[in-house]
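Chemist: First the structure, which I've put down as structure tokens, then a few questions once you've had a look.
The values are calculated or read from the model by the stated rules, or taken from the named source; none is laboratory data. Only a predicted model underlies this, so the values are computations on that prediction, with no experimental measurement involved. Methodologically, a virtual Cβ is constructed for each residue, glycine included, from the backbone with ideal geometry; neighbour enumeration extends over all protein chains shown.
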Amino acid sequence: MSRSIALSQRYLLFPVRTGAPKIRLALLVDGRIVREFEIEFADADPGFWAPLDVSAFAGQTAELKAVGETTPDLAAVQQADAWPGADTLYREPLRPQFHFTSRCGWLNDPNGLVHHGGLWHLYYQHNPYGWNWGNMHWGHAVSEDLIHWRELGIALYPHAFGDWAYSGSGFTTPDGQLGIAYTSTGRGECIAFSPDGTSFTEIPENPVVRHRGRDPKVFWHEPSGHWVMAIYDEFEDQRWIAIHTSPDLRTWTFASRIGGFYECPELFPLDGKWVLYGADTEYLIGDFDGREFHPTSDRQRLWFGDFYASQTYTDAPDGRRIQIGWGRGIVFPGMPFNQQMGIACELSLVEGALRAQPVRELAALRRSSGAGGELLDVETVLAVPAGKSGGISVRGVPVVWNHEQGQLTVADGVFPLATAADELSLRVLVDRGSIEVFAGDGRMAVAKMARPQGQGVEVLGEARLGKTSVHELGSIW
């Protein structure tokens, strides 16, 4: 089944109903497939409309066809110049108000985090055609302050159906180009460049690395005078982070491996040392000579809960190390979007341990002081006697420190927190779909899905509160 469409408007709008059978659609221009994807197509009664930007093919006639034996009603596909539901966009009942979510569709890993052209670029794994994972593209948003985000659309399309654009990193070249490294699932590790970050051109040498793995992190190592790629590698049926080096981003040489890490590697300098971690933020502190990482610490973990695949910005001004993670498992049923990013955090290294705190720019969202309001930013010092348990409830979501067992409960999750002190500093952020807790001056952080129902802040158990501030936050939208 196929349909001829004279492309006269910016978007093709596809009707989606989450849970409907998936079908495969292809859009052809001049007989060539330009877009191909799976979609839970709604012949009638769609839950939402998924837009496909066809402005690159304006004025041409395209053929939309179903691949396989399915027979969807392709007449249901519409054209429009405006984003569907623009009048209610970002005002949906469950839309987070100070965390980034895509206008429509699924998101996961942050990708290509780079400060370039005066903007913080946030690329991310994205399914623009559905509420669930699939069809991996790179979505793109930019910010001037790490808090207010403007979504720009698809920056990187898959090379072909089944050859998806998986995770990767961003960097700036000496001549000012914005570059990315990413995993093409059908080819290997690829490099591409862009003059402005909105679309990318691949180099002819791609793939530059072939192996069993994914998620390249690429950066320039000044002392060695070469580029470094830290990449998740499955070698001899074990999990590693492999290091490759290159003089020109095109020819890469294997240098070393370090074991025991899974997916989305990060390797960066911080306060005179180097930090290495994988997707779950279990990390090592050590030294890096441009080819090998040498640990000088035991393994520790920074984040717990619904937090995964974080990445830090390259080329950040003032030497800041800014981290954003995926709020994995934070879902929004019945909405046209799904999953969120965590709040942007600044990392530091204190007494041999990583610390994370929300970026200082978040304070600009503070609207008033007091326990009222839907969106809250709470700072307090929790005092709990030895052998006791206590904490606070923030809009009905518990944050409880069990001093005797060395545990912190956040929402419905229980996480290890070992300290001999009788006081614990807490920073708690509550949005429509989540709670984030930064404990012990940020030495441990937790993100959890939550649907806050109560009001204000209450003391729980044997806790006493020291200096406490409660701020209502405004919306970034």
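Chemist: Give me the pairs, please: first residue somewhere in segment 368-389 and farther than 13 Å from R464 by Cα, second residue anywhere and loosely packed, with under 13 Cβ neighbours inside 10 Å and of a type in the set (G, A, S), beta-carbon distance under 8 Å, and either six or more positions apart or on two chains.
Modeler: S369/S469; V378/S469; E379/S469
Chemist: Considering each of H126, H116, H99 in turn, give the residue that is more than 22 Å from T18 (Cβ to Cβ), in contact with a Ser or Thr (Cβ under 9 Å, 6 or more places away or on another chain) and either at pLDDT 95 or above or small (G, A, S) (or both). Please lay out each step first, then the result.
Modeler: On the way: H126 fails: more than 22 Å from T18 (Cβ to Cβ); H99 fails: more than 22 Å from T18 (Cβ to Cβ).
Step by step, each of H126, H116, H99 is checked, and only H116 is more than 22 Å from T18 (Cβ to Cβ), in contact with a Ser or Thr (Cβ under 9 Å, 6 or more places away or on another chain) and either at pLDDT 95 or above or small (G, A, S) (or both).
Chemist: Which of the strands (runs of 3 or more DSSP E) found entirely inside segment 1-120 contain at least 1 residues meeting this: small (G, A, S)? It would help to see each step written out before you state the result.
Modeler: Working: elements: 2-6, 11-16, 22-29, 32-40, 48-53, 61-67, 78-80, 105-116.
Hits in segment 1-120: 2-6, 22-29, 48-53, 61-67, 78-80, 105-116.
Chemist: In segment 113-129, what residues are in contact (Cβ under 8 Å) with a residue 60 or more places away in the chain, surrounded by 22 or more Cβ atoms within 10 Å (Cβ to Cβ) and more than 10 Å from the chain's Cα centre (by Cα)?
Modeler: V114, H116, W120, H121, P128, Y129
Chemist: Can I ask one more? Within segment 444-457, is even one residue surrounded by 21 or more Cβ atoms within 10 Å (Cβ to Cβ), over 22 Å from E282 (Cβ atoms), within 23 Å of the chain's Cα centre (by Cα) and of a type in the set (A, V, I, L, M, F, W, C)?
Modeler: Yes, there is a match, as at least one residue in segment 444-457 is surrounded by 21 or more Cβ atoms within 10 Å (Cβ to Cβ), over 22 Å from E282 (Cβ atoms), within 23 Å of the chain's Cα centre (by Cα) and of a type in the set (A, V, I, L, M, F, W, C).
Chemist: Also, I was wondering about something else. Just checking, which of L25, L7 is surrounded by 14 or more Cβ atoms within 10 Å (Cβ to Cβ), within 26 Å of A155 (Cα to Cα) and in contact with a Lys or Arg (Cβ under 8 Å, 6 or more places away or on another chain)? First the steps, then the outcome.
Modeler: Numbers: L7 fails: in contact with a Lys or Arg (Cβ under 8 Å, 6 or more places away or on another chain).
Of L25, L7, the one residue that is surrounded by 14 or more Cβ atoms within 10 Å (Cβ to Cβ), within 26 Å of A155 (Cα to Cα) and in contact with a Lys or Arg (Cβ under 8 Å, 6 or more places away or on another chain) is L25.
Chemist: Here are the criteria: (1) at pLDDT below 95; (2) outside the structural domain of M335 (by TED's automatic domain parsing). Tell me which single one L94 does not satisfy.
Modeler: Here L94 clears every test but (1).
Chemist: Which one of the conditions (1) at pLDDT 95 or above; (2) out of contact with any helix residue (DSSP H, G or I) (no Cβ under 9 Å at 6 or more places or on another chain) does S368 fail to meet, given that it meets all the rest?
Modeler: It is condition (1) that S368 fails.
Chemist: Does D318 meet the test of being farther than 26 Å from P223 by Cβ and either in the same structural domain as Q340 (by TED's automatic domain parsing) or assigned to a helix (DSSP H, G or I) (or both)? Give the derivation first.
Modeler: On the way: farther than 26 Å from P223 by Cβ: no; either in the same structural domain as Q340 (by TED's automatic domain parsing) or assigned to a helix (DSSP H, G or I) (or both): yes.
For D318, the condition - farther than 26 Å from P223 by Cβ and either in the same structural domain as Q340 (by TED's automatic domain parsing) or assigned to a helix (DSSP H, G or I) (or both) - is not met.
Chemist: Are any residues in segment 383-430 out of contact with any strand residue (DSSP E or B) (no Cβ under 8 Å at 6 or more places or on another chain) and under 24 Å from L473 (Cβ atoms), and if so, which ones?
Modeler: G396
Chemist: Give the residues of segment 48-72 that are closer than 18 Å to G130 by Cβ and surrounded by fewer than 17 Cβ atoms within 10 Å (Cβ to Cβ), sorted by residue number.
Modeler: Restricting attention to segment 48-72, the residues satisfying the condition of being closer than 18 Å to G130 by Cβ are 48-53, 64, 66-68, 70, 72.
Listed by number, the residues that qualify are D53, V67, G68, T70.
Chemist: Would you confirm, using the coordinates I've provided, whether D175 is closer than 30 Å to F98 by Cβ and either at pLDDT below 95 or not in a strand (DSSP E or B) (or both)?
Modeler: No; evaluated as a whole, the condition is false for this residue.
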